[in-house]
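Participant: Pasting a structure here, questions to come.
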Amino acid sequence: MEKNIGRLSWGDWIWGLIHVFLDTITQRVWSCHLQPLPEMPAMAGVTCIVTGATSGIGLNTARELAKAGAHVVLAVRNTKAANELIKLWQKDQCANGVPLLDVEALELNLSSLKSVRQFAKDWELQNRPLHILINNAGIFHMAGSERVSEDRLEEHMQVNHLAPSLLTMLLLPSLLRSGPSRVINVSSAMHHLGSLDFEDLNTTPGKKGFNSTAAYSSSKLAQLHFSNVLQRTLPEEANVDIISVHPGEVITNVVRTLPKWLQVAYKFIPFFLFTPLEGARSVLFCATDPHVLEYARAIRASNYPSAPYFSSACTPVSVAKQAMDLDAAFKTWNKTLELVGLPDYYFQRVVSGVPGQAETIETIDEED
């Protein structure tokens with residue numbers, strides 16, 4: 001039986017809770033020197049994929065990248081809503097009636113691993129470049145009951161960690177072709193409250209004691225573990241970097257699952273919370289600033305146990321101690337590959353430049 005991280009001690013849990021609380025009430029102080037948006041470089045010729053781009057942080061991130069000249073792909077469940085957004089953006093950004101933004105919407109449902117494989121297969125069959133992948137889409141059913149995906153996986157773990165990890169792995173050929181490239185994983189300070197059971201990484205549906213906050217926090221911890229291993233395992237010459245960023249505590253619609261009295265209380269704390277545009281600031285910084293890549297390569301060379309992790313103030317910060325555990329991170333890596341159905345040889349084939357990745361994806365899908 002494998003050793004687990006197990007539940008956090010009461011001391012570690014309380015410290016994690018204090019960390020999240022202090023992060024929330026001080027984030028405006030630490031970011032008060034920043035402009036509403038980072039200075040964006042000219043991005044003509046740069047291809048970006050943004051998941052979950054029809055609302056919140058993802059919407060603002062995708063729009064600003066497009067305004068900077070990038071070719072932006074909105075990878076979303078609801079392509080109709082995404083295309084309506086694109087029409088509005090094009091209307092606002094046009095010259096003599098000619099749209100200036102290079103944006104498209106493609107279907108991607110992270111609640112379905114089959115959808116992830118189909119998206120990646122279609123992308124690879126077209127031999128498309130990819131310079132920036134932003135794994136932004138995520139869910140938090142705050143105070144909600146347990147939900148299960150069509151793959152019989154706990155929904156927080158699938159949407160926040162397993163599906164984005166599968167997507168990243170299947171799009172590695174495009175990222176390698178397009179280097180220098182980067183993967184931006186939108187993380188959360190809530191990972192400080194996370195713990196993982198490697199005998200049950202998925203948090204088996206129906207297991208007693210389900211808690212949505214614990215499920216969300218653990219999914220974000222798993223996401224960091226996977227990022228740490230991928231950043232360490234990719235050879236320097238691959239020219240691909242994995243960067244995590246906490247966008248801050250942002251005003252969202254997650255409160256709709258809370259009891260009514262908590263929804264009322266929530267209305268009194270927006271002063272401390274970021275708007276979605278402010279939340280997009282650190283994501284855009286990590287996706288475009290050249291110093292981020294310099295930092296990523298410096299800590300890789302130093303054999304630091306964590307991949308780059310940036311705060312909402314656009315500065316590198318440390319992750320929780322359970323996210324620094326490399327032994328646990330490799331266990332998360334192995335369990336993740338097992339749960340998403342990726343064979344052990346896949347990563348080495350991609351890094352070695354073996355052709356035919358679209359066919360490999362198809363084979364994996366058939367075996368699944």
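Each reported figure results from applying straightforward, stated rules to the coordinates on display, with no laboratory input. Predicted model, so just to flag it, every value in this text is computed and none were measured. Here the Cβ is made from the backbone with ideal geometry for all residues, glycine too, and neighbour counts use every protein chain on show.
Participant: Binned at 10 Å from 0, what are the whole-percent values of the Cα-Cα distance distribution for the range 10-367, short to long?
Facilitator: Spelled out per bin, shortest first, that is 5, 25, 37, 25, 7, 1, 0.
Participant: Moving to a separate point now. Only counting other Cβ atoms within 10 Å, I'd like Phe140, Phe21, Phe210 sorted with the fewest neighbours first.
Facilitator: So the ranking, lowest neighbour count to highest, is Phe21, Phe210, Phe140.
Participant: Which is the longest part of the chain that has none of the trypsin sites (Lys or Arg not before Pro) sitting in a DSSP loop with at most 10 other Cβ atoms within 10 Å?
Facilitator: Here the longest run is 4-151.
Participant: In addition: Please report how far the C-alpha centroid of the range 13-52 lies from that of the range 281-354, rounded to the nearest whole angstrom.
Facilitator: Value for the Cα centre distance between the two parts: 17 Å.
Participant: Now, a different point. Taking the Cβ of each residue in Leu59, Leu176, Leu88 as the centre, tally the other Cβ atoms inside 10 Å and list the residues starting with the fewest.
Facilitator: Ranking Leu59, Leu176, Leu88 by Cβ neighbours within 10 Å, fewest first, gives Leu88, Leu176, Leu59.
Participant: Still on this structure: Calculate how many DSSP beta bridges within the chain are antiparallel, expressed in % of all such bridges and rounded to the nearest 5. Display every interim value, and only then the final one.
Facilitator: On the way: 4 of 31 bridges.
For the chain, the DSSP antiparallel bridge percentage is about 15.
Participant: What number, rounded to the nearest 500 deg cm²/dmol, is the helix-based mean residue ellipticity at 222 nm of the chain, given -39500 (n - 2.57) per DSSP H run of at least four residues and division by all its residues?
Facilitator: Helix-only estimate at 222 nm: -13500 deg cm²/dmol.
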